[in-house]
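Q: One structure follows; several queries about it will come next.
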Amino acid sequence: MTTDDVAIVGIGMHPFGRHEGVSGMDMGVAAVRSACADAGVQWEDIQFAFGGSASAGAPDTMVSKLGLTGLQFINVVNGCATGGSALFSAYNSIKSGMFDLGIAIGFDKHDRGAFRVNTKASGLSDWYGESGMALTTQFFGMKINRYMHEHGITEDSLARVSEKAFRNGSKNENAWRRRPLSMEEVKQSAMLSYPLTQYMFCSPGEGGVALILARADQAHKYTDTPVFLKAAVVRSRRFGSFEVMAPHIALEHNAGPTVDASAAAFEMAGMGPDDMDIAQLQDTESGAEIMHMAENGFCEHGEQEHMLAMGDTEITGRLPVNTDGGCLANGEPIGASGLRQVYENVLQLRGDAGERQVPNDPKTAYTHVYGAPGISGVTILAK
Amino acid sequence: MATDSATKQVPVSEGVFTWPSDEPRLLGSKCTDCGNVMFPTQSGCPKCSGQSTETIELGRTGTLWTWTVQGYPPKSPPYAGNADPKTFEAFGVGYVELPGEVKVETRLTVNDPEQLNIGMEMELTLVPLYTNDDGEEVMTFAFAPIN
Ligand SMILES: [Zn+2]
C-alpha cells in the first residue's frame with residue numbers, strides 16, 4: 001500500500017436530470033457551494049480549481065458568482081473523460097506539493113436526444129456525418145454485437161443491467177430516472193441500435209458535481225471521514241483498438257484504453273481487482289457495463305452472463321456495480337459524469353448512501369469512465 | 001446503380017471512392033514505412049508514426065466483422081439522408097474486414113437483423129443518399145451481401 005497523498009474532504013452535487021431554466025453553469029455553482037459546506041470551508045479558502053464542461057460554457061467564468069478571489073482556475077475539456085481529467089489534474093496539483101486545498105468541478109447541459117457530433121472537431125470528414133455514420137450509438141451497438149458473438153453474452157444480460165440500474169436509481173434522490181423497469185419493459189422498448197433498445201441506453205443530460213481535495217495529512221482539519229485517492233489515471237487509445245467514431249479499425253487487435261488505464265491505476269494503488277468493494281463502471285449502454293466488467297479486470301470475458309444472473313453486481317452482491325444507477329439512471333452530462341461516480345463512492349465509503357448503502361462497511365471503491373475518441377479514466381478510492 | 005438515366009449522379013465527396021466507376025473501390029492510404037493500411041486517406045501513420053503514405057484502391061470484397069442497424073433518424077445536420085421521422089428507413093451499419101488490409105466502417109444495403117451475420121461475405125457498391133439542390137443524386141458507399 002502506498003502512502004496517502006491526497007484526500008477528498010468535501011463533495012457536492014446538483015441533481016442530475018432535466019432542469020428547465022437552470023443553466024449548466026448554475027448547477028456547477030450549486031455543486032461547488034454544497035461541496036464547500038460539506039468540507040466546512042469558504043470559497044476564498046480554495047487555492048485552485050480545475051473545471052470541466054463540454055457544452056455549458058467556460059467553467060472559469062463561474063468565479064463571477066462564487067467570488068473573485070484570484071485563485072488559479074483552469075478549464076478542462078477532454079471528451080467523455082472531462083470530469084476525470086479535472087480530478088486527475090487536481091490530484092496531481094496537490095500531490096506535487098504545490099497546493100494544499102483545491103477543487104475539481106464538472107457540469108453540463110446537453111440537448112435532448114443523441115449527441116449531435118461535430119465531425120470537423122472530431123477530426124472526421126463531412127461525408128462521414130452526411131452518410132449517417134457519425135453516431136456514438138452505432139459504435140456501442142456494433143461493439144456489444146461482436147462481443148456477444150465472441151463471448152456468449154445474451155439479450156437477457158443486457159436487460160438485466162438496465163433493470164438493475166433503474167432499480168438502484170429509484171433509491172437515489174439525485175438520479176434522473178427513478179422508475180424501476182422490468183427486464184421485459186427494457187427488451188420491448190424501441191430498438192435504437194441493434195441489439196440495444198431505448199432503455200438500454202443512457203441519455204445526454206444535465207447536472208453538476210464538485211469535489212474538494214486536500215493534502216492527506218491535513219484532511220482531518222476538514223472532515224472526520226476523509227476518503228483517500230489512491231490512484232487517478234487517464235489513458236488514450238493505442239493502435240489496433242476498436243473505438244467510437246472510427247472510419248477504420250486495424251486488422252491487429254489491441255485491448256483498448258480501459259485495459260491500460262485500469263492496469264496503471266491498480267499498479268499505482270498497489271491493489272488489484274479483488275481488493276475492490278464497489279465499482280462504478282461506464283454504462284453508456286447496458287452492454288458497456290458488461291464489457292467494462294472484464295476490461296477493468298473484475299472477471300474474464302464471458303463470465304458476466306453468470307455473474308449477472310447470480311446477482312453478483314447488485315448492491316448486496318459480491319461486487320456492487322453502479323450503485324447510484326450509473327449513466328443509465330442518471331443520464332450523461334459529460335463534464336459531470338466521471339465526478340458523479342467518485343461522489344457516489346465517497347458517499348458509500350462514508351456510509352452515507354442511505355437506502356442504497358452497500359452493506360458490510362466497504363473500504364475501497366473504483367471508478368471508470370470511457371468515451372470519445374477512445375479515452376478512459378480510472379480512480380481508486382480507499383478510506 | 002442508376003435508377004433513372006436522366007438523373008445525374010455525384011459522389012458524396014471527392015476522394016473517398018473511385019468515381020466514376022462500374023466497379024467502385026474505396027480509396028485508402030498505405031504507410032510507405034510499415035505498410036499499415038488506413039481508410040479514408042490520411043497523411044501520417046498511427047502505427048509507426050511515419051509521415052509518408054500513398055493512396056491505394058482497397059479491395060472490393062470482405063467479411064462482415066460486426067454490424068448494427070440505425071433504428072432512428074440521425075440528427076440533421078450532419079446527416080444528409082432522409083431524417084424525417086415519418087418516412088425514415090432504418091439502415092444497416094457495420095465494419096467489413098478487407099483481407100490483408102483493414103476493417104472499414106460502412107453503410108450496409110441490408111437493414112434486417114435476420115439477414116445479417118458476422119462473417120458473411122460482402123462486396124462494395126454505391127447507394128443514393130439524397131438529392132441535392134441541383135437535382136443531382138448524391139451517392140455514398142455501402143457494402144452488400146454476396147449471395
Ligand atoms: Zn506506418
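The values are calculated or read from the model by the stated rules, or taken from the named source; none is laboratory data. Being a predicted model, the structure only gives us computed values, none of them experimental. Ideal geometry is used to build each Cβ from the backbone, glycine not excepted, and the neighbour counts take in all protein chains shown. Accessible surface is based on the protein model in full, side chains and every heavy atom, while ligands, DNA and RNA are left aside. Shrake-Rupley method; radii C 1.70, N 1.55, O 1.52, S 1.80 Å.
Q: Which of the residues belonging to the range B:78-104 are of a type outside the set (Phe, Trp, Tyr), within 7 Å of chain A (Cβ to nearest Cβ) and part of a loop (DSSP other than H, G, I, E, B)?
A: B:Pro78, B:Ala80, B:Gly81
Q: I'd like the full set of residues that are farther than 18 Å from B:Glu97 by Cβ and open to solvent by 90 Å² or more (accessible area, probe 1.4 Å), limited to the range B:19-48.
A: Across the range B:19-48, the qualifying residues are B:Pro20, B:Asp22, B:Glu23, B:Asp33, B:Ser43.
Q: Condition (residue is open to solvent by less than 40 Å² (accessible area, probe 1.4 Å), without any contact (Cβ under 8 Å) to a residue 24 or more places away in the chain and in contact with a Phe, Trp or Tyr (Cβ under 6 Å, 6 or more places away or on another chain)) applied to the range A:156-169: is it met by at least one residue?
A: There is no residue in the range A:156-169 that is open to solvent by less than 40 Å² (accessible area, probe 1.4 Å), without any contact (Cβ under 8 Å) to a residue 24 or more places away in the chain and in contact with a Phe, Trp or Tyr (Cβ under 6 Å, 6 or more places away or on another chain).
Q: Which pairs do you get when a residue that is assigned to a strand (DSSP E or B), found in the range B:15-40, comes within reach of a residue that is near the ligand (Cβ under 10 Å from one of its atoms) and open to solvent by 30 Å² or more (accessible area, probe 1.4 Å), reach meaning Cβ atoms under 6 angstrom, with the pair 6+ apart or on two chains?
A: B:Ser29/B:Thr53; B:Cys31/B:Thr53; B:Val37/B:Lys30
Okay, residues lined up against (1) in contact with a helix residue (DSSP H, G or I) (Cβ under 9 Å, 6 or more places away or on another chain); (2) small (Gly, Ala, Ser); (3) farther than 14 Å from A:Lys230 by Cα; (4) open to solvent by less than 20 Å² (accessible area, probe 1.4 Å):
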residue: A:His248; (1), (2), (3), (4): no, no, yes, no
residue: A:Asp275; (1), (2), (3), (4): yes, no, no, no
residue: A:Gln280; (1), (2), (3), (4): yes, no, yes, yes
residue: A:Asp283; (1), (2), (3), (4): yes, no, yes, yes
residue: A:Met291; (1), (2), (3), (4): yes, no, yes, yes
residue: A:Gln304; (1), (2), (3), (4): yes, no, yes, yes
residue: A:Leu308; (1), (2), (3), (4): yes, no, yes, yes
residue: A:Thr313; (1), (2), (3), (4): yes, no, yes, yes
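Q: Further question: Would it be correct to say that A:Gly70 is open to solvent by 60 Å² or more (accessible area, probe 1.4 Å), on the phi > 0 side of the Ramachandran plot and within 14 Å of chain B (Cβ to nearest Cβ)?
A: no
Q: Of all residues in the range B:9-36, which are more than 10 Å from the ligand (Cβ to nearest atom), closer than 23 Å to A:Phe239 by Cα and at the interface with chain A (Cβ under 9 Å from one of its Cβ atoms)?
A: Those that are more than 10 Å from the ligand (Cβ to nearest atom), closer than 23 Å to A:Phe239 by Cα and at the interface with chain A (Cβ under 9 Å from one of its Cβ atoms): B:Val16, B:Gly28.
Q: Tell me, which residue of the range A:170-211 that is of a type in the set (S, T, N, Q) and not in a loop (DSSP other than H, G, I, E, B) is farthest from A:Ala104 (Cα to Cα)?
A: Here the residue is A:Gln188.
Q: Scan the range B:90-99 and tell me whether some residue there is open to solvent by 40 Å² or more (accessible area, probe 1.4 Å), within 16 Å of the ligand (Cβ to nearest atom) and under 22 Å from A:Ala134 (Cα atoms).
A: No: the range B:90-99 contains no residue that is open to solvent by 40 Å² or more (accessible area, probe 1.4 Å), within 16 Å of the ligand (Cβ to nearest atom) and under 22 Å from A:Ala134 (Cα atoms).
Q: Could you identify the single residue in A:Thr136, A:Thr119 that is closer than 30 Å to B:Thr41 by Cβ and in contact (Cβ under 8 Å) with a residue 24 or more places away in the chain?
A: A:Thr136
Q: Okay, next question. Only residues that are closer than 27 Å to B:Gly100 by Cα, more than 10 Å from chain B (Cβ to nearest Cβ) and outside any helix (DSSP H, G or I): list them for the range A:221-270, please.
A: A:Ser236, A:Ser241, A:Glu243, A:Val244, A:His253, A:Asn254, A:Ala255, A:Gly256
Q: Name the residue that is surrounded by the most Cβ atoms within 10 Å (Cβ to Cβ), counting only residues in the range B:58-77 that are assigned to a loop (DSSP other than H, G, I, E, B) and over 14 Å from the mean Cα position of the chain (by Cα).
A: Here the answer is B:Pro74.
Q: Working only within the range A:344-370, note down all residues that are surrounded by fewer than 24 Cβ atoms within 10 Å (Cβ to Cβ) and either hydroxyl-bearing (Ser, Thr, Tyr) or part of a loop (DSSP other than H, G, I, E, B) (or both).
A: A:Gly351, A:Asp352, A:Ala353, A:Gln357, A:Val358, A:Pro359, A:Asn360, A:Asp361, A:Pro362, A:Lys363, A:Thr364
Q: Shifting gears a bit: For the structure I just gave you, tell me whether A:Leu319 is over 26 Å from A:Arg18 (Cα atoms), open to solvent by less than 40 Å² (accessible area, probe 1.4 Å) and in a helix (DSSP H, G or I).
A: no
Q: Still on this model: With respect to A:Met148, determine if the residue is within 21 Å of A:Tyr370 (Cα to Cα) and open to solvent by 20 Å² or more (accessible area, probe 1.4 Å).
A: In short, yes.
Q: Only one residue in A:Ser241, A:Ser262, A:Ser203 is of a type in the set (Ser, Thr, Tyr) and open to solvent by less than 10 Å² (accessible area, probe 1.4 Å), so which one is that?
A: Result: A:Ser262 is the single residue among A:Ser241, A:Ser262, A:Ser203 that is of a type in the set (Ser, Thr, Tyr) and open to solvent by less than 10 Å² (accessible area, probe 1.4 Å).
Q: Could you pull out the residue among A:Gly106, A:Gly97, A:Gly83 that is closer than 28 Å to A:Leu229 by Cα, more than 8 Å from every other protein chain (Cβ to nearest Cβ) and surrounded by fewer than 24 Cβ atoms within 10 Å (Cβ to Cβ)?
A: Answer to the selection: A:Gly97.
Q: In the set A:Phe50, A:Phe73, which member is within 19 Å of A:Val346 (Cβ to Cβ), modelled with pLDDT of 95 or more and under 24 Å from the mean Cα position of the chain (by Cα)?
A: A:Phe50
Q: So if I check each of A:Gly123, A:Gly141, A:Gly113, which one is touching a Phe, Trp or Tyr at 6+ places or on another chain (Cβ under 7 Å) and either within 14 Å of chain B (Cβ to nearest Cβ) or assigned to a loop (DSSP other than H, G, I, E, B) (or both)?
A: From the options A:Gly123, A:Gly141, A:Gly113, the qualifying one is A:Gly141.
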